[in-house]
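Please read the structure below before turning to the comments.
The values are calculated or read from the model by the stated rules, or taken from the named source; none is laboratory data. What you see is a predicted model; the values in this text were computed from it and never measured. Heads up, the Cβs are rebuilt from the backbone with ideal geometry, glycines too, and the neighbour counts pull from every protein chain shown.
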Amino acid sequence: MQQSLKSEGYFSNEISHPLRFGEGLEKRRWFVLLTVCLVYTTSAIGYLTFNATSDLSMQYFQRTEESDILYFTDVNMYANLLLGFFGCWVAYKYFKLSVISTAFFTSLAAWIRYFVGPNYLITLLCQTLIGIASITISSFANIVPDRWFPTQERFTVNTLTIFSNSVGWALGVLIPCIIVGNDVKKMQDNILFQAVLITVPFILAVVCMREKPKVPPSYSALVKEDDKGFVTETKILLKSSHFIGATLCFGMVLGLANSIPTTNSIYMNPLNLSNLSQGFITLAYVVTGLIAGLFGAIHIEKKGIKTCDFILKILFTITFLSLLALGVVFIFLKDPNMMLILVCNGILGIGLVGFVPFACASIIESNFPIQEAISTIGMNIAACLFSVGASHLSIAGFVGKGGFLVLAGLMLPCWIYMMFFYKTNFKRQDADEKHKEIGASSGLFNEEIKEIGSAIEDSETPYVKG
């Protein structure tokens, strides 16, 4: 047995006994996590660079239409919408290469847009390159915890990785507001600072990244080393009504979340608010969501993943009521003050930003043993489509000041579905718990547990074959 484990790579010179799940964890996993989090953050900073100060960006590029500035973020959504499945496949097959490539091309685009200055077309091409480079990113948040971390760390790691994108939103809005302020001449300083910042994760990626650890950290990670393949697993998902419903519901809500910073910026421009004040409002939107999500993660660790649906119901309700409140504020108050908008955005962030890790966990649990990256890519592609539509619809001329009420209307069917119809199937958690018990009671090791698990699961479902 010991010899077979050696030949399979589950036995190393540093460890003098066969390994059970959760043993022999590599410290490198924390550097992998840090690198991926920074890639997420800097990518968001890169594609949001010009939207936080849309009025000054219009002056900088000598444009007269707000939609011209919206295109800087739209190209990111279009790239992920059209190429999302391809990006998922790349991340799924070539994780290390995809992280390095994403960091490199994002950094390259950031430096090019600095050197070309206020050239609108070349800058739009650079934003498009950032968008194309990001097509693998949506898969990283699920690949990292599943491949590199044991069961007890997985939800928290997934939350941290997803929220690093939200941190990028906050910084992508706040950094231009701090550096540029109300002086368009400082736009170049902002672009240079961002280019330097965006280069850091590329250096880390080259030094730290590796495809996967030598020892699978959990039973579910070991199972997925023998997966059926990207295309086959995708076909299985597309036949599942539960997956389609979750994809549309969570994709719509994530699309609304992505559209909020841009919608907020457009609606606040006519108000007597400085760009810095607007930046702090968006920061409140993101930070309250981060806090809510982290408290939710702590709750999950104490009470278990099976409380996920209860948390999702609460967050969806908060989101729907907050969108209604912001709609009322902008329609009925001629000049709403900063504090009122900040509080409303803070509460909205709890629901819209805070829900993301729980949505991913729900989809992943329900679709096990299909790979996490494949399970969640549909949600991210739907989010790109809905985000573009929601952003433009909420600021359309015929909507007037009722943009947030339009977003609330889009949210309503998602809220109804979550409250009365949706239910997570906790397949992955049940599998890990069952095989942990087998190992603890019998003294068996990874490969032996996997063989028993295969026999058990073959009798329960035609799909899982270990």
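Summary table below
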read-out	value
Only one of F295, F316, F310 that is in contact (Cβ under 8 Å) with a residue 60 or more places away in the chain and either surrounded by fewer than 15 Cβ atoms within 10 Å (Cβ to Cβ) or not hydroxyl-bearing (S, T, Y) (or both)	F316
Single condition L342 does not satisfy, out of (1) under 26 Å from L83 (Cβ atoms); (2) at pLDDT 80 or above	(1)
Selection status of L283, in a helix (DSSP H, G or I) and hydrophobic (A, V, I, L, M, F, W, C)	yes
Subset of the range 50-72 (residues that are of a type in the set (V, I, T) and in contact with a Gly (Cβ under 9 Å, 6 or more places away or on another chain))	T53
Selection count, the range 149-176, where residues are of a type in the set (F, W, Y) and under 23 Å from P213 (Cα atoms)	2
Condition check for I395: buried (at least 19 other Cβ atoms within 10 Å of the Cβ), within 18 Å of the chain's Cα centre (by Cα), modelled with pLDDT under 85 and aliphatic (A, V, I, L, M)	no
Scan of the range 408-455 for residues that are modelled with pLDDT under 85 and either touching a Leu at 6+ places or on another chain (Cβ under 7 Å) or among the hydrophobic types (A, V, I, L, M, F, W, C) (or both), ordered by number	F426, A431, I438, A440, L444, F445, N446, E447, I449, K450, I452, A455
Every pair of residues 6+ apart whose Cβ atoms lie under 7 Å, when the first sits in the range 370-381 and is closer than 15 Å to K239 by Cα while the second is among the charged types (D, E, K, R) and in a helix (DSSP H, G or I)	I370/E233; I374/E233
Output for the range 154-181, where each listed residue is outside any helix (DSSP H, G or I) and buried (at least 23 other Cβ atoms within 10 Å of the Cβ)	V180
Within the range 37-153, helices (runs of 4 or more DSSP H) holding 1 or more residues that are farther than 26 Å from G378 by Cβ and in contact (Cβ under 8 Å) with a residue 24 or more places away in the chain	54-61, 66-93, 95-116, 120-133
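Each row is one residue, and each column tells you yes or no for (1) hydrophobic (A, V, I, L, M, F, W, C); (2) under 20 Å from Q152 (Cα atoms); (3) assigned to a helix (DSSP H, G or I).
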residue: L294; (1), (2), (3): yes, yes, yes
residue: K302; (1), (2), (3): no, yes, yes
residue: L312; (1), (2), (3): yes, no, yes
residue: L315; (1), (2), (3): yes, no, yes
residue: S322; (1), (2), (3): no, no, yes
residue: V328; (1), (2), (3): yes, no, yes
